[in-house]
Amino acid sequence: MSTASAMAKTIRKRSQLVMYSATLMLASCTHSSLPQATSSPAEKSAPTRVRAVAVEAAKVTPTTQQPATVQAYYRTEIRARVSGYISELKVDIGDFVDQGAPLAIIAVPEMQQAREVAKAHIEKQLAEEQAAMSGIALANARIQSAEAKLAQTESEIQRAAAALAAIEAEFSRTEDLVARRSLENRMLDEVRKKRDSETANQSAVLSARQSAAADVVVAQAEHAAAEAGVSAAKAATRVAQRQLGELDAAIEYATLRAPFAGVITQRSVNPGDLVRQSSEVGVGAPLFVVSQIDPVRVHIPVPEMQAASITVGTTATISFPSFPGEANREAPVTRIAGELDPSTRTMLVEVELENADKRLLPGMFGQASIALPSDSLTNTLPARAIRFDEKGQAYVYVIDENQTVKNVPVGTGFDDGKRIEVTTGLAVGDRVIDAHLKRFANGEVVSILAD
């Protein structure tokens with residue numbers, strides 16, 4: 001055998017030895033891995049270890065969380081009651097004003113002229129009043145004169161009656177003497193003439209008394225007419241004064257004033273602008289808007305389900321994102337609307353907040369929590385035990401007596417951040433999986449950790 005053949009034979013033997021060794025090693029490795037392959041399924045089927053919590057019946061104070069909006073306590077739109085040009089502008093946006101403070105002045109020269117005419121008319125009426133008073137004085141004098149004449153005629157009537165009585169006695173005596181022929185007939189004729197004269201005089205005096213009495217009546221009528229003239233003159237004066245007062249009131253409207261203490265939140269006029277009379281609220285842009293912001297009103301829309309539980313005095317806790325880190329503000333409910341808005345099915349609830357520092361601005365947004373009175377027990381779970389799917393439906397993983405999991409949808413109520421009310425789906429004592437990162441399938445078996 002040659003040396004080359006010997007070397008080739010030696011190489012083949014070494015190659016066979018290497019292959020045999022490799023085969024033995026592969027077989028060894030294969031046999032050693034068999035026990036591990038049989039143990040892997042057992043490890044994968046081991047139950048997930050979880051903690052369980054039970055549904056509890058508790059007496060809690062439910063709350064409703066709703067958005068809140070700050071409103072001015074009063075907000076008034078200022079419009080012109082007269083037409084004219086803005087002659088003076090007293091305030092601007094952001095100015096704080098007191099009640100009655102002037103905001104702007106409207107020039108109304110035609111009203112000023114009308115006022116002067118009204119004043120002159122009053123002066124004329126006062127003069128006519130004085131003239132009527134003089135007429136009363138004259139009528140009084142005439143009454144006194146007529147009454148004096150009447151008194152004089154009464155005296156003359158008495159004198160004439162006495163004279164007639166005397167002449168009648170003389171006539172009777174003379175007639176008796178003539179009948180006895182103690183006197184001549186001519187003496188009786190003379191006495192008769194005297195009697196006839198006194199009788200005529202008496203008739204004249206009686207007529208004078210009637211005339212004097214008529215003069216008294218006329219004078220009294222003139223006095224009454226003079227008094228009526230005074231009353232008419234005074235009434236005309238009062239009418240003229242009322243007209244002047246009406247003009248003064250209209251001129252007073254030319255000065256726009258703040259109806260209450262507040263801040264100017266809008267201004268839409270400048271000096272020289274022509275403004276026209278407008279008394280309709282909400283029609284056209286207002287000249288000014290005045291808002292009272294201390295205190296302020298906070299409007300809270302409460303859903304229908306909680307609206308009936310809220311009464312005046314119920315405590316509301318309000319927070320504002322504009323003031324992060326600040327303590328929440330608590331205040332009682334001041335007013336409730338008493339009816340639902342048909343478009344939103346909510347009831348307006350109002351709370352008053354002090355705003356001495358003027359930081360709360362009308363239109364500012366907040367979050368209100370209102371405690372609802374309740375005396376009944378309700379089912380609750382820790383908030384961490386309730387999960388929500390992508391549609392917002394709440395559900396829990398219920399564990400039965402065989403420690404098998406079931407996905408159960410539940411209804412929820414109030415949420416105080418720690419516990420959530422469970423309205424449907426569970427009963428007191430039902431156990432559910434506490435907070436866990438894993439999603440469980442129906443029928444999956446779990447292992448409950450001891451507390």
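List of remarks:
- Near pairs, Cβ below 7 angstrom, 6+ apart or cross-chain, from the range 391-408 (on the phi > 0 side of the Ramachandran plot) to any residue that is among the hydrophobic types (A, V, I, L, M, F, W, C) and outside any loop (DSSP other than H, G, I, E, B): 403/445; 403/446; 403/448
- Qualifying positions in the range 252-278 - under 17 Å from residue 90 (Cβ atoms) and either in a strand (DSSP E or B) or among the β-branched types (Val, Ile, Thr) (or both): 255, 256, 257, 262, 263, 264, 265, 266, 267, 269, 275
- For the range 383-407, a residue qualifies if it is surrounded by 15 or more Cβ atoms within 10 Å (Cβ to Cβ) and in contact with a Phe, Trp or Tyr (Cβ under 8 Å, 6 or more places away or on another chain), and the qualifying residues are 386, 387, 394, 395, 397, 405, 406, 407.
- Residue count for the range 338-356 under the criterion of being surrounded by 12 or more Cβ atoms within 10 Å (Cβ to Cβ) and of a type in the set (Ser, Thr, Tyr): the result is 1.
- One residue from 335, 359 being basic (Lys, Arg), surrounded by 11 or more Cβ atoms within 10 Å (Cβ to Cβ) and at pLDDT 95 or above: 335
- Of the residues 88, 123, 116, 129, the single one that is among the charged types (D, E, K, R) and buried (at least 18 other Cβ atoms within 10 Å of the Cβ) is 129.
- Contacts under 8 angstrom Cβ, first residue in the range 112-123 being assigned to a helix (DSSP H, G or I), partner open to solvent by 50 Å² or more (accessible area, probe 1.4 Å), 6 or more apart: 115/248; 118/243; 121/243; 122/241
- Residue satisfying condition, being farther than 21 Å from residue 73 by Cβ, part of a loop (DSSP other than H, G, I, E, B) and either in contact with a strand residue (DSSP E or B) (Cβ under 6 Å, 6 or more places away or on another chain) or touching a residue at least 24 places away in the same chain (Cβ under 8 Å) (or both), within set 374, 343: 374
- Residue within the range 56-69 that is loosely packed, with under 15 Cβ neighbours inside 10 Å and under 30 Å from residue 247 (Cα atoms) present: no
- Of all residues in the range 313-340, exactly one satisfies the criterion of being more than 15 Å from residue 371 (Cβ to Cβ), assigned to a loop (DSSP other than H, G, I, E, B) and polar (S, T, N, Q), namely 322.
- Pick from the range 192-233, criterion among the polar types (S, T, N, Q) and out of contact with any Leu (no Cβ under 7 Å at 6 or more places or on another chain), ranking: most open to solvent (accessible area, probe 1.4 Å): 210
- Scan of the range 293-332 for residues that are open to solvent by 50 Å² or more (accessible area, probe 1.4 Å) and basic (Lys, Arg), ordered by number: 329
The values are calculated or read from the model by the stated rules, or taken from the named source; none is laboratory data. Not measured: the values here are computed from a predicted model. A quick note on method: Cβ atoms are made from the backbone with ideal geometry, for glycine too, and the neighbour counts reach across all protein chains shown. SASA here: full protein model, heavy atoms, side chains in, ligands and nucleic acids out. Shrake-Rupley method; radii C 1.70, N 1.55, O 1.52, S 1.80 Å.
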